[in-house]
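Asks: Dumping the structure here so I can ask a few things about it.
Every number here is computed from the coordinates shown, using simple stated rules; none is lab data. Predicted model only: the values in this text are computed from it and were never measured. Cβ: placed from backbone, ideal geometry, glycine included. Neighbour counts: every protein chain shown.
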């Protein structure tokens, strides 16, 4: 630790003194002369013997709340003819003068500073050995919008924002259960990022909350700027491309996870909430599955499973078949492929890698550019370059179709982060298939499968409920069974019963019809 | 105590059954049926059935030997009964058994893939690739291997569905007649070839049964279900091979299941889909390789007096790889080993070791209770 840090820690550990000048000097030394630091002087009850100062950060604190504080301390005190000497403690001032919803005495300099930089207002008054910390957070938030990366057709449109309290309120609004808990903690020595651990006390998997807290507690880092930082620091398989922590911007997804006995981790300054434990198959499930009728939900879930398989293996299988096992392709199809490849000078593996990389370039460029230009790049890339490449004989039309279907399939996977992992896996599979044929494909594919089977997410097997096989959880795996059939929560929940018996609607027979 | 017991790995009954099926199925459907067809013609399925019944019996004996001390495998049990050095001898027998068993597994794997799909690829690729996957699986541990076996079981079901769908058009039951043409003794003698397949499964039980949940109560039942299920899933193939290809044709091939798979077709468009079937077949065969590495590493660790088998995994992989390469490098040697040597190694151990340990338990049971 540097000398400056040591000195800072020493100052933070100190308590406030009755001398206003000393306290103000300490604040000045710690906070410096930052442009956004404001100090508003006051006189308690209008008495010049009891000067004071309000400290707050401009932009973080709500000025109307600060005005209310000043009005209470200066005007109400005078109007009520209160004697400052009769209010010897901060507690007394809070209870008799102040009208703010949240105001509390504060003895430690550390707490005062933490409050100021979080948007609260610190009130220091001559003669008091405590300060008063008033909640005045009031910065400008982004309004609630539909999550851009998790669209749905039917269902709620609200998404999380960058404010942790707004986000927790979204969930509280959905689950009005008094046993819904939000445990607070702070991570990041410099950013002091607020983190809330949400769970339903009588449902959450036993020991899970403690495990989440333990993992958060062991984080020693200066800054948490986004939930990705926390995700990487608490996950079970840090070297794996698979994400073992689910992330979402949708409050309904979080509410659903909490009701299944899982834990959500809210992080301030990000609209992305983490959910643990998570399973591989959840990345294929979309909220629409549950909001539409179960036939529709099941059908589209099957389509997504197909998309998962295509996005992972289609280019590899194509390359493998064309390079090594062309006798496996039906004759008419083989002739069509061969005629398309006649003018292509590259081996099929190279052709596939070139197209895949070209597509990744277009995707990345489209993502980073301003939206209107991004769309233009996509159109130019996909239509013009694709057409030109085929016409120039650089790639075969069949390969363009294969890569296009693969990419479309990867976008059909609801979890964007998960589809990125699949993209990464596609390349070793492609290279192995193009180099060693079926042997290479099988070796890499089963190595991947072994790896996926070996992963855990907060004590739960990542590939559950398929492996290990859990019969009761199959109702919401490959197919989405009717709501009235899904009467059990996942096995790890404390209380697995989620609904009464015989919930299937029955047709009432009319009497005397 | 072996490694998986100290780390308290627990596998479910379903996983245990799946492991048994995976271990038996791969060789039994093709390579073994070719050998049996050469001995008893169209009665392949009967020989498989007889072999299954024997397997069920030996699995039960294996379970009974372990039942009273469900936390001890054969090596740990023999240590308790007869001391450290005898346990090392038992471990050496198990090591040699799985080393010898690796030969037929490699014959199955290599001759399927190299001869039918990649004839120009060098042989060492077919040895190194499965060993690498097996090594990885072994490092992940028994639980992950068991989960893979569960996926493998699903793939075996799909494989059987595909072969049935593709073969029913040419199914001619007359090819399976007359039944028991060669008489019971010859059919029974031929069933010993299938016995050499389930021998791997009973030895698997001898090593992993202590890691199965409630092994003392349901281990025997699950083991027997595993053998019976393997027998039923396997029997579909000799029936199809006999009825579709005929016993005469089946007996001409080392890997007769591939001939059947190549023959299968659905409609006019999908004339060949054996590659899909081989893809489904890959998990069970890789599981076999993986389990051989696991069992030999466990027994080698016991012989060397190591607490963990992890250090032995690369060493035994090299030994297995060299042996496998030597076996499959020469077709005549491979077939000779498969038909003559492997049953002579497998059967005495698979039948003898459980019976020996059961007798020792009966004679020295008091010693075990005192310990």
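Asks: Once you have the Kirkwood Rh of chain A from its Cα pairs, apply Stokes-Einstein at 4 °C and 1.567 mPa s and quote D in µm²/s.
Replies: 47 µm²/s
Asks: Here is a follow-up. For residue B:356, project a label point 7 Å along Cα to C-beta. Then give me every residue of region B:54-79 with its amide nitrogen under 13 Å of that point.
Replies: B:74-75, B:78-79
Asks: A follow-up question, please. Given Cα pairs under 8 Å that are at least 6 residues apart, what percent is the relative contact order of chain A?
Replies: Across chain A, relative contact order equals 13 percent.
Asks: Rg and Dmax of region B:1-94, using alpha carbons, in Å: what are they?
Replies: In Å, with Rg to one decimal and Dmax whole: 17.2, 49.
Asks: At 0.890 mPa s and 25 °C, plugging the Kirkwood radius over alpha-carbon pairs of region B:12-366 into Stokes-Einstein gives what diffusion coefficient in µm²/s?
Replies: Calculated translational D: 121 µm²/s.
Asks: Kindly express, to the nearest 10 degrees and within the range 0 to 90, the angle between helix A:397-411's C-alpha long axis and the longest C-alpha principal axis of chain A.
Replies: The two axes meet at around 30 degrees.
Asks: Please compute the modelled spin-label separation between residue B:120 and residue A:498, points set 7 Å along Cα→Cβ, answer in nm with one decimal.
Replies: 5.5 nm
Asks: Just want the ordering: A:7, A:220, from fewest to most Cβ atoms lying within 10 Å of their own Cβ.
Replies: A:220, A:7
Asks: Right, something else. What is the spin-label model distance, in nm, from residue A:327 to residue A:29 if the labels are put 7 Å beyond Cα along the C-beta direction?
Replies: Result: 8.7 nm between the two label points.
Asks: OK, next. Kindly state, to the nearest 0.05, the FRET efficiency for residue B:344 paired with residue A:456, given R0 = 41 Å and r defined as their beta-carbon distance.
Replies: Approximately 0.40, to the nearest 0.05.
Asks: So what is the diffusion coefficient of region B:195-304 in µm² per second by Stokes-Einstein at 10 °C and 1.306 mPa s, using a Kirkwood Rh over Cα pairs?
Replies: D = 95 µm²/s.
Asks: For chain B, set up a GNM with springs between Cα atoms under 10 Å and report which of B:31, B:151, B:289 has the largest fluctuation.
Replies: B:151
Asks: Kindly state, to the nearest 0.05, the FRET efficiency for residue A:334 paired with residue B:57, given R0 = 56 Å and r defined as their beta-carbon distance.
Replies: Efficiency, rounded to the nearest 0.05: 0.65.
Asks: Something else now. Looking only at B:271, B:54, B:42, which one moves most when chain B is put into a Gaussian network model with springs between Cα atoms under 10 Å?
Replies: Answer for the Gaussian network model of chain B: B:271.
Asks: Using Cβ contacts closer than 10 Å as the measure, can you line up A:310, B:86, B:293 from fewest to most?
Replies: B:86, A:310, B:293
Asks: I need the P(r) histogram for region B:313-367: all alpha carbon pairs, bin width 5 Å from 0 out to the longest distance, whole percents.
Replies: Over region B:313-367, the share of Cα pairs per 5 Å bin runs 4, 16, 13, 14, 16, 13, 9, 9, 4, 2, 0 percent.
Asks: Let me check I have the definition right: for region A:290-461, take the eigenvalues of the Cα gyration tensor, multiply each by 5, take square roots. What are those semi-axes in whole Å, largest first?
Replies: Here the semi-axes work out to 27, 23, 16 Å.
Asks: Roughly what would the spin-label model give for residue A:141 and residue B:157, points 7 Å off Cα along C-beta, in nm?
Replies: 4.8 nm
Asks: In deg cm²/dmol and to the nearest 500, what is the mean residue ellipticity at 222 nm of the protein assembly as shown if only DSSP H runs of at least 4 residues count, each as -39500 (n - 2.57), divided by the residue total?
Replies: Using -39500 (n - 2.57) per qualifying helix, the result is -19000 deg cm²/dmol.
Asks: I want to make sure I understand the PRE zone here: with the label point 7 angstrom from the Cα of residue A:218 toward its beta carbon, which residues in region A:262-297 have backbone N atoms less than 13 Å away?
Replies: none
Asks: Kindly express, to the nearest 10 degrees and within the range 0 to 90, the angle between helix A:164-174's C-alpha long axis and the longest C-alpha principal axis of chain A.
Replies: 70 degrees
Asks: Right, here's the next one. Percentage of Cα-Cα pair distances in region B:269-371 greater than 16 Å, rounded to whole percent?
Replies: 76 percent
Asks: Compute the acute angle (0 to 90°) between the alpha-carbon long axis of helix A:294-323 and the principal axis of greatest extent of the alpha-carbon atoms of chain A; round to the nearest 10°.
Replies: Around 60 degrees separate the two axes.
Asks: Within 10 Å of each Cβ in peptide A:464-472, how many partner chain Cβ atoms are there on average? Round it to a whole number, please.
Replies: 4
Asks: Considering only B:90, B:319, B:61, give the residue with the highest GNM mean-square fluctuation for chain B, with springs between Cα atoms whenever their separation is below 10 Å.
Replies: Result: B:319 has the largest fluctuation of those listed.
Asks: Residues of region A:31-45 with the amide nitrogen closer than 13 Å to a label point 7 Å from the Cα of residue A:4, along Cα-to-Cβ, please.
Replies: A:31-33
Asks: What's the FRET efficiency of residue A:427 with residue A:151 using the Cβ-Cβ distance as r and R₀ = 30 Å, to the nearest 0.05?
Replies: After rounding to 0.05, the efficiency reads 0.65.
Asks: Once the protein assembly as shown is represented by equal point scatterers at the alpha-carbon sites, with solvent omitted, what log10 I(q)/I(0) does the Debye formula produce at q = 0.04, 0.07 Å⁻¹?
Replies: Log10 I(q)/I(0), no solvent term: -0.27, -0.72.
Asks: Order by neighbour count: A:320, A:362, fewest other Cβ atoms within 10 Å first, most last.
Replies: Going from least to most buried by this count: A:362, A:320.
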